[in-house]
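Take this structure, written in structure tokens, and hold onto it; I'll ask about it next.
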DNA sequence: TCGTAGACTCGGCGTC
DNA sequence: CGCGGCCGAGTCTACT
């Protein structure tokens, strides 16, 4: 289910568990996981003998740095998640939708489970990484220091619904449907408010709410509605803190007005019609 | 009025 | 039917 907090939670857990372990082999079972069909068949040979030396994140992308200098980039899309299995467990014991596994020489493994098979992986040479993100025009990470109040306001100055802008990964990278709704509720901004007509004060509120809600999501270990799990199999608990997402008809935590559901940018959108006034 | 960029809409992608 | 993500194709519209 990954948005920025779930990806960050995953990255932090994986750093503790898989860095420095020697890779014995790898197998992919969903051809669409790798765009490159040759790589799909040869991923075992490609990774054998290598080690993960660092794990980074940009928006919703994970970057697995390899000692060989290459980078394996992964995107979990809607239902993907990484799990680390120890040598005693069988893969099927911890998940039945494993599409890709990297086996370590010590008997453990890194598993990528993805019910809907929307996830994607790329294995890139060092010089290919910058162009990978340039091609996608990916914006700065939502929590990076580059995304200041002034910068965010400038990026939101367009004639589009602010929610649609927040979901646009070229504006700022990492925000998805849950955290967009939650941060707009926190900032008291209507999801259909045009970016162009945001006041300076409103832009500052959005910036503050964005950082606050993403940090809270990380602190909670992510949101575990449906099938998102942390790499140890446990659940995050941000769903306990949700104010509006998928709470249509339930009372707004601030004013008790029933939460409304509309569709913005083809995505279910939840807001308080009293707290979040339209322009 | 024309051309263009940007915005919007829809369908698709596997699965439960 | 819905869904946390995102892409491509096609269409519309607003501006210069």
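The values are calculated or read from the model by the stated rules, or taken from the named source; none is laboratory data. Note that the structure is a prediction, hence the values are computed from the model and not measured. Because the Cβ atoms are built from the backbone with ideal geometry, glycine has one as well, and the counts that use them run over all protein chains shown.
Which one of these is touching a residue at least 60 places away in the same chain (Cβ under 8 Å) and touching a helix residue (DSSP H, G or I) at 6+ places or on another chain (Cβ under 7 Å): A:184, A:198?
Details: A:198 fails: touching a residue at least 60 places away in the same chain (Cβ under 8 Å).
That would be A:184, the only listed residue that is touching a residue at least 60 places away in the same chain (Cβ under 8 Å) and touching a helix residue (DSSP H, G or I) at 6+ places or on another chain (Cβ under 7 Å).
Another question, then. Of all residues being farther than 21 Å from residue A:176 by Cα and part of a loop (DSSP other than H, G, I, E, B) in the stretch A:253-272, which is nearest to the chain's Cα centre (by Cα)? Just the residue, please. So that I can check it myself, show each step before the final result.
Looking only at the stretch A:253-272, we keep the residues that are farther than 21 Å from residue A:176 by Cα, and these are A:253-258.
Subsequent filtering for residues that are part of a loop (DSSP other than H, G, I, E, B) retains A:253-257.
On the way: A:253: 26, A:254: 28, A:255: 30, A:256: 30, A:257: 30 Å.
Ranking the candidates gives A:253 first.
Can you work out which of the residues in the stretch A:72-90 that are in a strand (DSSP E or B) and away from DNA strand B (no atom under 14 Å from the Cβ) is farthest from residue A:178 (Cα to Cα)? If you could, list the steps in order and put the result at the bottom.
First, the residues of the stretch A:72-90 that are in a strand (DSSP E or B): A:72-75, A:80-85.
Among the residues that remain, those that are also away from DNA strand B (no atom under 14 Å from the Cβ) are: A:72-74, A:81-85.
On the way: A:72: 27, A:73: 24, A:74: 21, A:81: 17, A:82: 20, A:83: 23, A:84: 26, A:85: 29 Å.
Filtering the stretch A:72-90 for residues that are in a strand (DSSP E or B) and away from DNA strand B (no atom under 14 Å from the Cβ), the one farthest from residue A:178 (Cα to Cα) comes out as A:85.
All but one of (1) touching a residue at least 60 places away in the same chain (Cβ under 8 Å); (2) in a strand (DSSP E or B); (3) within 16 Å of DNA strand B (Cβ to nearest atom) hold for residue A:139; state the number of the condition that does not hold.
The number of the failed condition is (2).
Looking at A:103, A:93, which is the one that is farther than 18 Å from residue A:13 by Cβ, more than 22 Å from the chain's Cα centre (by Cα) and either within 16 Å of DNA strand B (Cβ to nearest atom) or at pLDDT 90 or above (or both)?
Values: A:93 fails: either within 16 Å of DNA strand B (Cβ to nearest atom) or at pLDDT 90 or above (or both).
Of the residues listed, the single one that is farther than 18 Å from residue A:13 by Cβ, more than 22 Å from the chain's Cα centre (by Cα) and either within 16 Å of DNA strand B (Cβ to nearest atom) or at pLDDT 90 or above (or both) is A:103.
Hey, among A:53, A:68, which residue is surrounded by fewer than 19 Cβ atoms within 10 Å (Cβ to Cβ) and in a strand (DSSP E or B)? Explain how you work it out, then say what you get.
Values: A:68 fails: in a strand (DSSP E or B).
Exactly one of A:53, A:68 is surrounded by fewer than 19 Cβ atoms within 10 Å (Cβ to Cβ) and in a strand (DSSP E or B), namely A:53.
Here are some conditions: (1) within 16 Å of DNA strand B (Cβ to nearest atom); (2) in a helix (DSSP H, G or I); (3) under 16 Å from residue A:189 (Cα atoms). Residue A:157 meets all but one. Which one does it not meet?
(2)
Also, quick follow-up: With (1) away from DNA strand B (no atom under 16 Å from the Cβ); (2) crowded, with 17+ Cβ neighbours inside 10 Å; (3) not in a strand (DSSP E or B) as the list, and residue A:122 as the residue in question, which single condition is left unmet?
The one condition residue A:122 does not meet is (3).
Another one. Out of the residues in the stretch A:228-264 that are surrounded by fewer than 17 Cβ atoms within 10 Å (Cβ to Cβ) and in contact (Cβ under 8 Å) with a residue 24 or more places away in the chain, which is farthest from residue A:13 (Cα to Cα)?
That would be A:262.
Restricting the search to the stretch A:182-224, which residues are outside any helix (DSSP H, G or I) and more than 19 Å from the chain's Cα centre (by Cα)? Can you show your working first?
Pass one, the stretch A:182-224, residues outside any helix (DSSP H, G or I): A:188-194, A:198-199, A:220-224.
The answer is A:188, A:189, A:190, A:191, A:192, A:193, A:194, A:198, A:199.
Kindly evaluate residue A:220 against the criterion of being surrounded by fewer than 23 Cβ atoms within 10 Å (Cβ to Cβ), under 26 Å from residue A:76 (Cα atoms), more than 14 Å from DNA strand B (Cβ to nearest atom) and free of Cβ contacts under 8 Å to residues at least 40 places away in the same chain. Let's see the steps before the verdict.
Values: surrounded by fewer than 23 Cβ atoms within 10 Å (Cβ to Cβ): yes; under 26 Å from residue A:76 (Cα atoms): yes; more than 14 Å from DNA strand B (Cβ to nearest atom): yes; free of Cβ contacts under 8 Å to residues at least 40 places away in the same chain: no.
Taking the combined requirement at face value, the residue does not satisfy it.
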